[in-house]
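Undergrad: Got a structure for you, questions after.
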Amino acid sequence: MKNRKIIAVVGLPGAGKSELMKYLLEKFHWPKVYFGEVTFDEMKRRGLEINEKNERLVREGLRKKFGADHYAKEMIKKVNAIKNSEHVLVESLYSWTEYILFKKNFPDNFIVISLYAPPNVRYERLGKRAARPLMPEEAQSRDWAQIENLSQAGPIAMADHMIINAGDIAGIHNQADEIMSRLLMRKSV
């Protein structure tokens, strides 16, 4: 589809990616591909407990074994397999390599929305989340690993749109509505 948009949501842990993705899914009912599936599928295959240490081990190990673009290649296959939707949401694109590969595969239709929240706000959120809560030290360690080992800052810096998420959920939704109304009014990006 010529005007199909591939919309990726990026940000460091606790920035609000899952919240924004949930909102967009409920509002638009577009299909979603989730980069984390590659990690969790491999952890399940290996029989590993789901925790930050094992997630990092698998995440970094798969990229080392199959290349920095492994996750992006797997997700591009999934995006291309979706035939009955004008737009597709992409959750948790992490690295600069992944960003570049998506840009090459969808040069005119790849849109990145970045969420930003200050570290102290994100660390507090991560400590309170029901699934896989992190202590502040673990959250900071994950930030640094994702920035240093995965080059996660690149896609965040090159985002087409930025949502500041230091307040309440309504703030995210309002900012997302403004962005989406501009995106959907365009014929092509």
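Undergrad: Could you list, in sequence order, the residues of the range 29-47 that are touching a strand residue (DSSP E or B) at 6+ places or on another chain (Cβ under 7 Å) and more than 18 Å from Ala131 (Cα to Cα)?
TA: If we filter the range 29-47 for residues that are touching a strand residue (DSSP E or B) at 6+ places or on another chain (Cβ under 7 Å), which is where we start, we get 30-35.
Listed by number, the residues that qualify are Trp30, Pro31, Lys32, Val33.
Undergrad: Taking the condition outside any loop (DSSP other than H, G, I, E, B) and touching a residue at least 60 places away in the same chain (Cβ under 8 Å), does Arg45 pass? Before the answer, list the steps.
TA: Working: outside any loop (DSSP other than H, G, I, E, B): yes; touching a residue at least 60 places away in the same chain (Cβ under 8 Å): no.
For Arg45, the condition - outside any loop (DSSP other than H, G, I, E, B) and touching a residue at least 60 places away in the same chain (Cβ under 8 Å) - is not met.
Undergrad: From (1) within 28 Å of Gly67 (Cα to Cα); (2) hydrophobic (A, V, I, L, M, F, W, C); (3) assigned to a helix (DSSP H, G or I); (4) in contact (Cβ under 8 Å) with a residue 24 or more places away in the chain, pick out the condition that doesn't hold for Trp144.
TA: The number of the failed condition is (4).
Results for (1) of a type in the set (S, T, N, Q); (2) touching a Leu at 6+ places or on another chain (Cβ under 9 Å); (3) under 17 Å from Ser141 (Cα atoms); (4) touching a residue at least 60 places away in the same chain (Cβ under 8 Å), shown as yes or no for each residue.
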position: Lys53; (1), (2), (3), (4): no, no, yes, no
position: Phe66; (1), (2), (3), (4): no, no, no, no
position: Val79; (1), (2), (3), (4): no, no, no, yes
position: Phe106; (1), (2), (3), (4): no, no, no, yes
position: Tyr123; (1), (2), (3), (4): no, yes, yes, yes
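Undergrad: Quick one: count up the residues across the range 132-189 that are over 21 Å from Phe102 (Cβ atoms), buried (at least 18 other Cβ atoms within 10 Å of the Cβ) and of a type outside the set (S, T, N, Q).
TA: So the count comes out to 6.
Laboratory data are not the source of any read-out in this text; all were calculated from the coordinates shown. These numbers were taken from a predicted model, which means no experiment stands behind them. Glycine also receives a Cβ, built like all others from the backbone with ideal geometry; neighbour counts cover every protein chain displayed.
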